[in-house]
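Every read-out reported here was derived from the displayed coordinates using simple, explicitly stated rules and does not represent laboratory data. Only a predicted model underlies this, so the values are computations on that prediction, with no experimental measurement involved. Note: ideal-geometry Cβ built from the backbone for every residue, glycine included; neighbour counts use all protein chains shown.
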Amino acid sequence: MTADLISKARAGDHGAFRELTDPYRRALQLHCYRMLGSYHDAEEILQDTLLAAWRGLGGFEERASLGNWLYKIATNRCLNARRAASRRPTKAWDIPGVEFLEPTRLEEEVWLDPFPDALMGGVVSWPPAPDARVERTDTIALAFVTGLQRLPPRQLAVLILRDVVGFSAEEVAGMLDASLDAVNSALKRARATLQQRQAAGGHEPPPAAQSPAETAIVTRFVEAWERADVDALVSLLTDDVFMAMPPMPFEYHGRDIVLRLSASIFGAGRRFDLVPSRANGQPAFGVYLRTPAGRPGVGFYVLTMAGGRIRGMTRFESFVLPWFGLPTSLPAL
């Protein structure tokens, strides 16, 4: 059947090509997102990959599987994008009416986007991944994707292809036109870097997605945020909780400063409504500001959990709301 579809696609049958590539589409999109840290850029590279595959199908020799070939195209286009892209400029503080607090850290990686959970449904690993080392629930988490962005491009590609997707070292060497020794060396260095970051965290694992434990803490957070109740937030946060807000490079670490920033957000009588969503396998919310004229969307929050508490809040700008099927504004109450 695959050989027949390939023959038809080579003869110009677009339907046959879609039938060949559709089973890989979501997995390739996730792969590009892990490589680039950007939902928008991942979608662009995915389209570029499929176009290149369509144009290059005549040169596909079928010695490797179609999935391997598509991953090779996608990976090398992601590497080209990372090498060619200039570092995106940082953004100045622009939250109206909220007091600027001196951050505890300036974050270098400011281009991170959230990824909709709705696009992960039905994604299966290709090929079957006996060599994969990272738990599937961890491979899309914001902390993991952020850690990936700090790796050099070649190390990043090798680690994702080996430990996330599960290709063999020999397959990865072929994809990257590299020696087996070079692949193994890059993987060793990448693993060591990520392990260092994970050891520095040392947090309990989060509760299972959409479990009663997760639902309980999320419900309490929503109630506290919508009431602007800083005192109620205290018991929900870990001592070392952080707040980040890409593309602004400011990060705030520690419960005291995060609570001060939250109090500033609630200042001047501002009140918000949260609409639930999910991003990167984590609880998320569209955030809407209550005004007499309506409730405009002002951000999108993703919570990072540890045990029964919240150890991170990452605020993204409101332009991401449509990616999650959320409106840009709500009617006035």
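Assuming charge only on the beta carbon of Lys and Arg (+1) and of Asp and Glu (-1), the dipole of the chain about its Cα centre is about 300 debye to the nearest 20. Distance from the Cα centre of region 235-260 to that of region 8-58, in angstrom? Centre-to-centre (Cα) distance: 38 Å.
Sequence-ordered 3J(HN,Hα) estimates for region 17-28 from the Karplus curve with 6.51, -1.76 and 1.60 and θ = phi - 60° stand at 5, 4, 5, 5, 9, 4, x, 9, 4, 5, 4, 5 Hz, glycine and proline given as x. Labels on offer are (1) 172; (2) 149; (3) 123, and the one holding volume of the Cα convex hull per residue in Å³ computed from this structure is (2). Amide hydrogen proximity for Asp113: with H placed 1.01 Å from N in the peptide plane, the residues at 5 or more positions away or on another chain lying under 5 Å are Ser38, Tyr39.
Quote to one decimal, in nm, the extra length available between Lys188 and Glu62 on full extension: 0.36 nm per residue of separation minus the C-alpha distance between them.
That works out to 42.3 nm of additional length.
The peptide list 188-195, 228-235, put in order of mean Cβ contacts within 10 Å with the highest first, becomes 188-195, 228-235.
The residue list Trp54, Gly97, Phe17 was ranked by how far each Cα lies along the charge dipole of region 1-106 toward its positive end, using unit charges on Cβ atoms, and Trp54 comes out on top.
3J(HN,Hα) along region 288-302, derived from phi through the Karplus expression 6.51 cos²θ - 1.76 cosθ + 1.60 where θ = phi - 60°, amounts to 10, 8, 6, 9, x, 8, x, 10, x, x, 10, x, 9, 9, 10 Hz, with x in place of Gly and Pro. Ordering Ser329, Ala209, Asn280 by the projection of their Cα atoms onto the charge dipole of region 174-333, which places +1 on the Cβ of Lys and Arg and -1 on the Cβ of Asp and Glu, puts Ser329 at the extreme positive end.
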